[in-house]
1. Given the range 1-138 reduced to its alpha-carbon atoms as identical point scatterers, what log10 I(q)/I(0) does the Debye formula return at q = 0.11, 0.16, 0.17, 0.22 Å⁻¹?
2. Okay, helix-only estimate at 222 nm for the chain: each DSSP H run of n ≥ 4 adds -39500 (n - 2.57), divide by all residues, round to 500 deg cm²/dmol; what do you get?
3. Using DSSP to define loop residues, name the GluC sites (Glu not before Pro) in the range 209-240 whose beta-carbon has at most 11 other beta-carbon atoms within 10 Å.
4. Using only alpha carbon pairs under 8 Å that are at least six residues apart, calculate the relative contact order of the chain and give it in whole percent.
5. By its C-alpha gyration tensor, with a ≥ b ≥ c as the square roots of the eigenvalues, how is the range 289-329 shaped: rounded for a/c under 1.5, else prolate for a/b larger than b/c, else oblate?
6. Going by the alpha-carbon gyration tensor, a ≥ b ≥ c the square roots of its eigenvalues, is the range 132-189 rounded (a/c under 1.5) or, if a/c is not under 1.5, prolate (a/b greater than b/c) versus oblate?
7. Need the full-extension length gain, Ile237 to Asn166, defined as separation in residues times 0.36 nm minus the C-alpha distance. One decimal, nm.
8. Check which residues have an amide H placed less than 5 Å from Val42's amide H, if you skip close sequence neighbours.
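Derivation of every value follows stated rules applied to the coordinates shown; laboratory data play no part. Small disclaimer: the values here were computed from a predicted structure and weren't measured. Cβ: placed from backbone, ideal geometry, glycine included. Neighbour counts: every protein chain shown.
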Amino acid sequence: MELQKKIDSTFESRFGGHGAVYASAGRINLIGEHTDYNGGFVFPGAIDKVIMAEIRPNDTDTVRVFSIDIDEYTEFGLNEADAPKQSWARYIFGVCREILKRGGNVHGFDAVFAGNVPLGAGLSSSAALESCFAFAINDLFNNNQIDKFELARIGQSTEHNYCGVNCGIMDQFASVMGKAGHLMRLDCRSMEFEYFPFCPENHSLVLIDSRVKHELADSPYNKRRASCERVAKRLGIETLRDADMDMLNAIKTDITAEDYFRAKFVIEEKERVLTVCDALVNGDYETVGRCMYETHAGLSKDYEVSCEELDYLNDVARECGVTGSRIMGGGFGGCTINLVENDKMDKFVEEAKKRFNEKYGHEPKVYPVVISDGAHKVCEATH
Ligand code: ADP
Ligand code: MG
């Protein structure tokens, strides 16, 4: 509510009157890491941290927009030549351009926006920003005729073509399609998805952000991809999605130990997502948590994308009796995601902060998250 009030009063003082208000969310991924480029499953959900924008058509061809958090104003026309310099505005410009490219309608508008998705913490504030404007433009100028999945693709193309980030579809997908109390299993091969209930009565999710990011000289991401592709090729399949452990073990002596362990992680991770989905249907959060620890161990030992700080946070979680804990995201820094019984939460957060600070000289950041709705209209212009 506070966010909305701030946006409302800023809109009124900048532009006079009011526009409609829209929001879209950041996201977590409960399980399913490094599976996207192997044709496997990811399992994200939208969270209760959003980018919110108040928007009103202005009957011109100019977009006029103010970022409350960055305290900057810019305006741009809707032609390619008018791309704004500010990086935050390029997300909005990109969304407009991508909708126009697809034959959709975009006209000039006035907008004010702000958010509470932490920037660069692995919660996809950029996807929230893109999805918020894509959803709003669909509602204001396209009668909601653009399919919601296409809105996610518009955000993804924006990152590719206007922001220099070659990302997959998961972040925008989760931001647009998220539903309170549900996670979504997205099949990265067929792009089919399914909602699964996530409403633990006595557990909550908390992210612990190590605030470290190890930049490695070679590209570990490309090396992991190359290992997976080599093994798939050796097996005569397109991606490791179609492999199982028997197939992998049958070629074990023909491939390097490194490639073997990389592929082993991917195959096991694909299975773990399915196990977690079954467990959620049965309300079995113990199994969910166990799978999260297994993912962490796999990412750390087989895929080798963890780091000392994240392994330490995982150890602290285990020692505090946390139900499930793992690295979230590509690795080498960032957050752990933790599924914690409510009566153990305060103690865990306190311990993690204290012990991490003692060992690494700074406190991690703590983000409690609740699985919430994705892109939506908050209220009409007449409010
Ligand atoms: P993340 O992992 O959070 O998506 P990115 O680097 O991809 O991190 O995106 C962060 C960028 O998105 C910021 O540098 C800024 O340009 C834009 N952004 C995100 N949140 C906001 C906000 N609240 N206000 C203005 N711009 C934002
Ligand atoms: Mg981003």
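1. Debye output, listed in q order: -0.42, -0.83, -0.92, -1.35.
2. Using -39500 (n - 2.57) per qualifying helix, the result is -13500 deg cm²/dmol.
3. Counting only loop positions with at most 11 other Cβ atoms within 10 Å, the GluC sites (Glu not before Pro) in the range 209-240 are Glu215.
4. 24 percent
5. oblate
6. Working: a/c = 2.00, a/b = 1.05, b/c = 1.90.
Oblate.
7. 23.1 nm
8. Amide H neighbours of Val42, under 5 Å, 5+ apart: Leu186, Cys188.
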